[in-house]
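The values are calculated or read from the model by the stated rules, or taken from the named source; none is laboratory data. The structure displayed is predicted, hence computed values, not measured ones. Heads up, the Cβs are rebuilt from the backbone with ideal geometry, glycines too, and the neighbour counts pull from every protein chain shown. The protein model used for the area step is the full one, side chains on, heavy atoms only, and it has no ligands, DNA or RNA in it. Shrake-Rupley method; radii C 1.70, N 1.55, O 1.52, S 1.80 Å.
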Amino acid sequence: MDFMETKIRKIDKNQIEQKIIEEAGEVLREGGLVAFPTETVYGLGADALQEEAARKTYEAKGRPSDNPLIVHIADYEDLKKIAVNIPAETDILAAHFWPGPLTMIFEKSDVVPYGTTGGLDTVAVRMPVDPVAQALIRAAGGFVSAPSANTSGRPSPTTAQHVEEDLAGKIDMIIDGGTVDIGLESTILDMTVTPPMILRPGAVTAEMFEEVIGPVSIDETLLGDESEKAPKAPGMKYRHYAPKAKLMIVEGDLREEILAIRQLTYAAHRENRKVGVIATNETLPFYNYGIVKNIGTRENEKTIAHGLYRVLREFDEEDVEEIYSESFAAQGIGKAIMNRLEKAAGHLRIPASVIIAKQKYRTVTFVSRTDSARGPMAAEMLRQYDLKQEYVINSRGIIVLFPEPANQKAEAIMKSAQMTLENHISRQFDEDNIQDDTLVLAIEESQKEKLLSEYGENGNIYTLNEFIEDDTEIPDPYGKPLAAYGECYEILSGLVAKLADKLDSLAEEEK
Ligand code: TXA
Ligand code: MG
């Protein structure tokens, strides 16, 4: 294909410059290609009634030509010119959802060339609400075919820059109207069957249809990955929206998903694999490794729909090898989000529970009398190890009257070993420290007894000596000269080394 210069024209939705619209309309009438904003995603426009224009569209996108295009109209009366046998419910649906993110499929009229419909006798029609799109459609003569303006196989574009990345040099013009509103493609509803059938979920949901025309059906091939049947919308069979990295959806309740993704990213980090995480506003702080992207807030699923394609494109640019995504409730627009995410993942799913079962302990809590010397020293020593699994490592005291910094002699000894307790503040042990996945290690037997008498056998409570099966006594340096702290350090550091080995061998067993 020849390289052509792609003109880029910025336009303000609220104050549309008619000259630009006329220029773009003329390009379309002459059979050229113009990318333009719609409320869903950017579309690659062509005159829908010219067969040759459709051919150019497929070529620019690198898209198989059996994949039909959606014809965009700006005036409802125009529907009758391109569709026949229009069922009665259409008026009601149009009254509620047009202009908007809904595409309806009808039997086509003779004016629509087979090039546009990918050889089908039906035609997909949408009336977008975006004022730039409407103005352009009218300027082009009323019928603009427009697939999403991405290279086939890439996520749909939600900004003009995305279009430019994919199609600069291959199309005549890009109208830059800023970021789109919705961020996922329109809902496709097949009106040629009774009841109408959803072929692609989008912002107009099954529940919304139901409220106005009663129940609709859903293309069963959308529901699972097991189906052998081809989806009814030819485009849904392709693995589009695909990022370069291997994308995997982690499924469970949200807590499980977070734990599993933490484990997976920690492992990737240790193995030097570049990894990405699709997280939300609410879960962002839980991830310590990998490139973590905020897709939106769980309080408003629309923000997640809006962020999905942007995030997938950003990951492409950062060359991550694998991406782990949290999953989202498949309700309302969540259905469309999960549908696109699953397609992007090629239906790769990981059950969170299977991953988290591989790690027994996630927290190691050392317990000493006042949490000011031996406990925090052991914790800091353990933090130095590159352990096979990730642990939150902390310490607590049996009697902590008020929070205090670490003992100064303990800090002096740690400093001489290139470690520090300067961020340590002593804290009282409490019931929150008793958890299924927390390993509690008391420095002395008496401390363990105290915890057992208070919390019973529920927790994983051991002495450090007992857990690593080494009965070297840990001396109490309290009130003694610095040398006593040094001696304590030596013993403790030997025991912590054994603890690190023990934790790593547990990690092996659980693999
Ligand atoms: O939101 C949207 O619908 C965007 C904007 C630009 O309007 N357009 C869009 O077009 O997503 P595209 O080409 O990327 O996706 C159109 C989908 C494809 O899956 C195609 O197979 C299906 O619609 N489709 C088009 N005509 C059809 C027909 N006659 N029967 C069944 N499926 C059809
Ligand atoms: Mg598309």
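Which order do 72, 306 take when ranked by solvent-accessible area (1.4 Å probe, heavy atoms of all protein chains), largest first?
Working: 72 5, 306 65 Å².
Ranking 72, 306 by accessible area, largest first, yields 306, 72.
Amide hydrogen proximity for residue 247: with H placed 1.01 Å from N in the peptide plane, the residues at 5 or more positions away or on another chain lying under 5 Å are 323. In plain terms, the bigger the Kirkwood radius, the slower the diffusion; for the range 342-498, with that radius from Cα pairs, at 10 °C and 1.306 mPa s, Stokes-Einstein puts D at 95 µm²/s.
For the range 383-405, backbone nitrogen atoms closer than 14 Å to the point 7 Å from residue 508 Cα along Cα-to-C-beta are found at 388-389.
Full extension of the segment from residue 282 to residue 75, taken as 0.36 nm per residue of separation minus the current Cα-Cα distance, would add 70.3 nm. Extending 7 Å from Cα along the Cβ direction at residue 417 and again at residue 303 yields two label points whose distance is 4.5 nm.
Can you list the equivalent-ellipsoid semi-axes of the range 263-382, largest first and in whole Å, using the square root of 5 times each Cα gyration tensor eigenvalue? Don't skip to the end; give the middle numbers.
Values: eigenvalues 230, 55, 41 Å².
Listed largest to smallest, the semi-axes of the range 263-382 are 34, 17, 14 Å.
Between residue 490 and residue 348, the modelled label-to-label distance comes to 5.2 nm, taking each label 7 Å out from Cα in the direction of the beta carbon.
The convex hull defined by the C-alpha atoms of the chain has an orientation-averaged projected area of 29.5 nm². Residues whose amide H falls under 5 Å from that of residue 198, counting only those 5 or more places apart or on a different chain, are 190, 217, 218, 219, with hydrogens built in the peptide plane. Between residue 86 and residue 435, the C-beta separation translates, for a Förster distance of 56 Å, into a calculated FRET efficiency of about 0.35. Using the 1.4 Å probe convention, the accessible area of the chain works out to 44 Å² per residue with neighbouring protein chains retained. Just so you know, the Cα atoms of the range 359-429 work out to an Rg and Dmax of 12.1, 36 Å. In this calculation the C-beta distance from residue 10 to residue 274 is compared with R0 = 41 Å, giving a FRET efficiency of 0.70. Here the chain exposes an accessible surface that is 49 percent carbon and sulfur, computed with a 1.4 Å probe and the other protein chains kept in place. Only protein heavy atoms count here; under a 1.4 Å probe, residue 251 has an accessible surface of about 60 Å².
Segment residue 404..residue 473, full-extension length gain: 22.2 nm, with 0.36 nm per residue of separation and the alpha-carbon distance subtracted. Scanning the chain for DSSP H helices at least 20 Å long along the axis (C-alpha atoms) with a Kyte-Doolittle mean no lower than -1.0 picks out 254-270, 301-318, 482-510.
Separation of the range 113-133 and the range 43-83 by C-alpha centroid, Å? Cα centroid to Cα centroid, the span is 5 Å. Sorting 129, 440 by solvent-accessible area of protein heavy atoms yields 129, 440, largest first, with a 1.4 Å probe.
In the structure displayed, which of 19/56; 61/246; 274/388; 450/498; 81/170; 108/343 lie more than 27 Å apart, Cα to Cα? Intermediate results must be reported in sequence, preceding the final value.
Numbers: 19/56 25 Å; 61/246 23 Å; 274/388 17 Å; 450/498 25 Å; 81/170 31 Å; 108/343 29 Å.
Listed pairs above 27 Å: 81/170; 108/343.
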